[in-house]
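Notes follow the structure.
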Amino acid sequence: MKYFSIVFIFCISVCASNAQQLKDTLFYEDGSKYIGGYVNGKATGYGVMIWAEGTIYEGQWVENKMSGQGKIKWPSGDQYTGGWLDSKLSGEGTYIWPDGQIFKGTYKEDLKCGKGIMKWPNGDVYDGEWKNDLMHGQGTYSWHTGDVYTGQWANNMQNGKGTLTYADGSVYTGKWKDNLFIK
């Protein structure tokens, strides 16, 4: 009988702990609310956070930090769906601005970094490499006018070897410095 009591008490303890991870609702003094997994006093697992100012995050948490996959929407209308690490955009994701601008690619510590495609509302598109939130490395920028530059970029500017093809068919291939054709 002792064995059954110990197992039964252990099972109740474990089952209660798992149920807690699924259903906790926490209310904060500022009016924010968290619904979801909660382990050892910290948001962990899957959950939804609704901040008082209107930001809403739904996704994975690790010890009170957005980590894993999730989506967020800010009161400004900005939205992001993708990877998180330590409450920063990290990994593959898609960011959409209210004006229709869209970035789909890789983030590291909240900054575009690696491969990605940016589309602007006017029809311009950049498909290439990013570093510290800037077009940097190899990439192709297509303007809504029909002009296309393919080549090297540094700090958001055409820098290095590249080819600019204008909509009228004229082509400039060579070296570029701060968006200017050198030779």
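The values are calculated or read from the model by the stated rules, or taken from the named source; none is laboratory data. Just so it is clear, the structure is predicted and the values come from calculations on it, not from any experiment. Counting neighbours? That spans all protein chains shown, and the Cβs are built from the backbone with ideal geometry, glycine included. Note: accessible area is taken over every heavy atom of the protein model, side chains too, but ligands, DNA and RNA are not part of it. Shrake-Rupley method; radii C 1.70, N 1.55, O 1.52, S 1.80 Å.
Consider the stretch 130-143 and keep the residues that are surrounded by fewer than 20 Cβ atoms within 10 Å (Cβ to Cβ) and within 20 Å of the chain's Cα centre (by Cα). The one that is farthest from E109 (Cα to Cα) is L134. If the condition is being more than 8 Å from the chain's Cα centre (by Cα) and either touching a residue at least 40 places away in the same chain (Cβ under 8 Å) or surrounded by 20 or more Cβ atoms within 10 Å (Cβ to Cβ) (or both), then the stretch 76-93 contributes no residue at all.
For the stretch 40-55, how many residues meet the condition of being open to solvent by 80 Å² or more (accessible area, probe 1.4 Å) and either farther than 17 Å from F27 by Cα or modelled with pLDDT of 95 or more (or both)? Residues in the stretch 40-55 being open to solvent by 80 Å² or more (accessible area, probe 1.4 Å) and either farther than 17 Å from F27 by Cα or modelled with pLDDT of 95 or more (or both): 2 in total. The combined condition, being at pLDDT 95 or above and either outside any strand (DSSP E or B) or within 27 Å of L89 (Cβ to Cβ) (or both), is not fulfilled by G151.
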